[in-house]
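Enquirer: Can you keep this structure in mind? I'll have questions shortly.
Where a number appears in this text, it was derived from the coordinates with a stated rule and is not lab data. None of these values were measured; they are calculated from a predicted model. Positions of Cβ are backbone-derived with ideal geometry, glycine not excepted, and every protein chain shown enters the neighbour counts.
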Amino acid sequence: MTPGLMIAAPSSGTGKTTVMLGLLRALRDDGVAVQPFKSGPDYIDPAFHHAASGRRSFNLDSWAMPQTMLDGLAAAADGADLVLAEGAMGLFDGVATPGAAGNGASADIARRMGWPVVLVVDVSGQAQSAAATALGFARYDPALPIAGVILNRVASPRHERLARGGMAAVGLPVFGALPRRGDLTLPERHLGLVQAGEHADLDARIAACAAFVRAHVDLAALRTAAAATTCPPAPRRPFAPPAQRIALAQDAAFSFTYPHILDAWHSAGAEILPFSPLADEAPDATADIVWLPGGYPELHAGRLSAATTFHAGLTAHARARPVHGECGGYMVLGQALIDAEGTSHHMAGLLGLVTSYAQRRMHLGYRKATLHAEVAGLRPGTTLHGHEFHYSTILEQPDTPLARVTDAEGQAVAETGSCRGRVSGTFFHLIAPAQ
């Protein structure tokens, strides 16, 4: 089985994505075939992984995905020399109530797959004390091996010596020490990093990360520390696609589609028919369903409002066949979207939903939805696992609720989604049907 490592950290903001991208490209440049994964729900990082490694990156989520699905997705590493999985938040951060296979923490995935953890430790503002933090992580779960650490944001050679000395005192290997570099950060916006496809100089940025990592990290020692997965071989079991021919919105406003879902649809024989609402394209008239994924419609609300060909195509399709939207796609199916400046933009009007970014509020977390109505071939009563992450506020949601939606602790949430005729939408992004 392919050996692997989990690249994790004590908390968010430690620079692990920069380290991950640098490792992926540096190893690829050395002729190593590296299969990337991302722990938890995240649309943006996997696209960067793909650009850095040349291999598609898949999400592994222990709260939303059953173990059989996790094991099947791990098979993406077949033919690779090494697996690198990027953690989310802090290594042990998850929800209080376990889901399908765990609580959603990166530690769940590392433990399940048998991948030792490389901890990226931000040592700014401390020296030997960083070792106490790393030692706590190493001892928190004896079943989860910490292979060692990469020191990040080192201020000087003296600072590095002190931090290394602390790690040596507690017996933790140091794979590298990265000096403080402000120029290697990737720009962010309200849902995370600016998307990979929006960087004209993305390859140069990743190459700079790779050169930086190569100069300061022992890549050979890192590879030696990797361990083969302990999960049993499992075939991928794709869940049924919503239809045979799927018109899928794909552009800068609609880009949040999980790779494992597209892979499942393709594996089941579905045909994906991409189109661009931003280019005022109508969905393929022969499609069986139109699917509008999430993304950043609020950044393009004016263009989407003026996309009359797109609107007409949606309306025509909805007369006879289903249309479904997730999060940003749901907002665009509604009556209006109010941007951050307070300007109201007319949307498709197939649902009565009105959302506002002028009244900004974060909605974040796992979601469990039990359908009240049929959606994309899924019958009423079907339970779905997903994730919600947006900053919009519902002003009007007059249509029939689509589902009973709860958070990870079983508390009902107001974002039930809605449906009208053959049109439906949700604020949560589907990760997997409950099994």
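Enquirer: Quick check: residue separation of Arg379 and Ala306 times 0.36 nm, minus the Cα distance between them. What number comes out in nm?
Expert: Roughly 22.8 nm would be gained on extension.
Enquirer: To the nearest 0.05, what FRET efficiency results for Arg223 and Thr393 with a Förster distance of 45 Å applied to their C-beta separation?
Expert: The formula returns an efficiency of 0.40 here.
Enquirer: Just need the relative contact order of region 310-429 here, percent rounded to a whole number, with Cα pairs under 8 Å and 6+ apart.
Expert: 28
Enquirer: If you put +1 on each Lys and Arg Cβ and -1 on each Asp and Glu Cβ, how big is the dipole of the chain around its Cα centre, in Debye rounded to 20?
Expert: Here the chain has a charge dipole of around 760 debye.
Enquirer: While we're here: For Phe256, list long-range residues whose amide hydrogen, built 1.01 Å from N in the peptide plane, is under 5 Å from its own amide hydrogen.
Expert: Gly294, Gly295
Enquirer: How big is the gap, in Å, between the Cα center of region 12-69 and the Cα center of region 270-324?
Expert: 30
Enquirer: What residues have an amide H closer than 5 Å to that of Met347, excluding those fewer than 5 places away on the same chain, when H is modeled at 1.01 Å from N in the peptide plane?
Expert: It is Ala336, Leu337, by chain and number.
Enquirer: Scan region 309-393 for trypsin sites (Lys or Arg not before Pro) in coil per DSSP, keeping those whose Cβ has at most 13 other Cβ atoms within 10 Å, and list them by number.
Expert: Arg319, Arg360, Arg361
Enquirer: To continue, here is another question. Which of the three applies to region 273-421, rounded, prolate or oblate, going by the alpha-carbon gyration tensor with a ≥ b ≥ c and a/c under 1.5 meaning rounded?
Expert: oblate
Enquirer: Treating only the Cβ atoms of Lys and Arg (+1) and Asp and Glu (-1) as charged, compute the dipole magnitude of region 220-370 about its Cα centre; round to the nearest 20 debye.
Expert: Using only the charged Cβ atoms, the result is roughly 600 debye.
Enquirer: What relative contact order, as a whole-number percentage, does the chain give when Cα pairs under 8 Å and 6 or more residues apart are counted?
Expert: 14
Enquirer: Right, next: Calculate, in nm to one decimal, what Gln67 and Met362 gain on full extension: separation in residues at 0.36 nm each, minus their alpha carbon distance.
Expert: Contour length minus Cα-Cα distance gives 103.2 nm.
Enquirer: What do you get for GluC sites (Glu not before Pro) in region 332-435 restricted to DSSP loop and a cutoff of at most 11 other Cβ within 10 Å of the site's Cβ?
Expert: Glu341, Glu409
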